[in-house]
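The values are calculated or read from the model by the stated rules, or taken from the named source; none is laboratory data. A quick note: this is a predicted structure, and the numbers were derived from the prediction, not measured. Please note: Cβ atoms are built from the backbone with ideal geometry, for glycine as well, and neighbour counts cover all protein chains shown. Accessible surface areas use protein heavy atoms only, side chains included; no ligands, DNA or RNA. Shrake-Rupley method; radii C 1.70, N 1.55, O 1.52, S 1.80 Å.
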Amino acid sequence: MTDHALLSRLDLNLLVSLDALLTERSVTRAAERLHLSQPALSASLARLRTHFNDPILARRGNTYELTPFALRLAEHTTTALDAARRVFESQATWEPSESAREFLIYGSDYGFTTIGRVVSELAADRAPGVRFRFALHTPLIVEDASNRLRAADAMVIPHGFLTELPFADLWHDRWVGIVAEDNAAVGDALTMENISTLPWAMHYQSRTAFTSAERQVQQLGVEPRVEVVVESFMSLPLFVAGTSRIGLVQAALAPIVQRAGGLRIVGLPFDATPLTNALWWHPVHGRDPEHAWMRALFVEAGRIVEADAHLD
C-alpha cells in the first residue's frame with residue numbers, strides 16, 4: 001500500500017484522539033478532555049486498534065495501561081500533532097500585531113531567565129496576541145535536536161552542543177564563582193587550592209550534559225570534590241548559600257544571585273572559556289516569515305541582555 005493510500009484512510013481527528021488517549025490513559029478522561037461523548041472516542045479507539053493492530057490501552061485490574069507499542073507511539077504522536085498544528089496555523093500573509101501564534105522554544109532556566117524574559121516583554125508590546133511557550137530541554141532533547149526542532153520553533157543553547165543546524169548568535173557571557181557570604185576560606189577570587197579542596201555544587205555532570213567551565217577544571221588536572229549536582233542553573237546558588245561549597249554561574253545571572261542574598265560573586269583562578277549563546281532552528285522554518293520575525297526578536301533581545309549585564 002502506498003503512503004497516500006494509507007493516509008487516505010485516516011484523518012487528523014484520529015491523531016488528536018490518539019494523543020488524548022496516550023496522555024490520559026483512559027477513554028473517559030480523554031473524551032472529557034476533547035469534549036466528546038465516550039462512545040465517540042471509543043469508536044476512534046477501535047479504528048486506531050485496527051490500524052495499528054495493537055490494543056493501545058490494555059486493562060490491568062481496575063485500570064488501563066498503555067501497551068509497550070503505545071508507549072513508543074507517545075513521543076511521535078506529540079511531535080506529529082505539533083507539526084500538524086503548525087501547518088494549519090500558517091498564513092499567506094502575517095501581521096504580528098494581529099497574530100495569536102504560539103512559539104515553542106527549548107532552553108535552560110538560564111536562557112529563559114535572561115533572554116526569554118526580554119523576548120516576552122518585546123513581544124507583549126509589539127504583538128500582544130503572540131504567545132511563547134518556554135520548555136526546559138533535557139540531554140535527550142539536545143541529542144535529538146535535529147528531529148525535535150522540526151516541530152518546535154527553536155532552542156537557546158551555547159555553541160558546543162549542536163552542529164549542522166542554522167543559528168543566530170545572541171549574546172556572549174562569562175563564568176564567575178559564587179560562595180557563601182561568610183565563607184572565610186575564599187577571598188575576592190577563588191584560588192586553585194580552593195577549587196581542589198573545597199566541596200562543589202555543580203551543574204549536570206554527564207557525558208553529554210556539562211558546562212564548559214566545569215569541564216575545564218578537570219582539564220586543569222583537578223578532580224573537584226562534588227557534593228551536589230543540580231540540573232538547574234537558577235537553583236544552584238541555593239545549594240551554595242550557607243555552606244562551604246563553591247559553584248559557577250554565568251555573569252548574566254550574577255545580579256539575580258546577589259539580590260537573593262547570602263552569596264558573594266568571586267573571580268576565577270583560570271581563564272574560563274566564554275559562552276556564545278545562540279538560537280538554533282531547523283531548516284524547515286527558514287522561509288517562514290513568522291519564524292523570521294521571531295528570530296529577529298531574539299537577536300534584538302540578545303543585544304539588550306548583553307548591554308544590561310555589562311557583558312559587552
*Of the conditions (1) closer than 28 Å to V16 by Cα; (2) at pLDDT 90 or above, A83 fails just one. Which one is it?*
(2)
_strands (runs of 3 or more DSSP E) enclosed by the range 202-312 - at least 1 residues per element that are open to solvent by less than 10 Å² (accessible area, probe 1.4 Å)_ = 246-250, 263-266, 275-280
*asked:* Step by step: first the residues of the range 180-200, then only those that are farther than 30 Å from V118 by Cα and open to solvent by less than 20 Å² (accessible area, probe 1.4 Å), then the one that is nearest to the chain's Cα centre (by Cα). Which residue is that?
replied: W200
_Members of the range 49-70 that are assigned to a helix (DSSP H, G or I) and either within 34 Å of the chain's Cα centre (by Cα) or surrounded by 12 or more Cβ atoms within 10 Å (Cβ to Cβ) (or both)_ = R49, H51, F52, P68, F69, A70
*Pull up the range 137-179, narrow it to residues that are among the small types (G, A, S) and touching a strand residue (DSSP E or B) at 6+ places or on another chain (Cβ under 8 Å), then point me to the one that is surrounded by the fewest Cβ atoms within 10 Å (Cβ to Cβ).*
A168
*Of all residues in the range 24-35 being in contact (Cβ under 8 Å) with a residue 12 or more places away in the chain and open to solvent by 60 Å² or more (accessible area, probe 1.4 Å), the one that is farthest from A70 (Cα to Cα)*: R33
_Count of residues meeting criterion [closer than 16 Å to E75 by Cα and charged (D, E, K, R)] in the range 18-50_ = 3
*Look at T67 and say whether it is over 30 Å from L297 (Cβ atoms) and at pLDDT 85 or above.*
yes
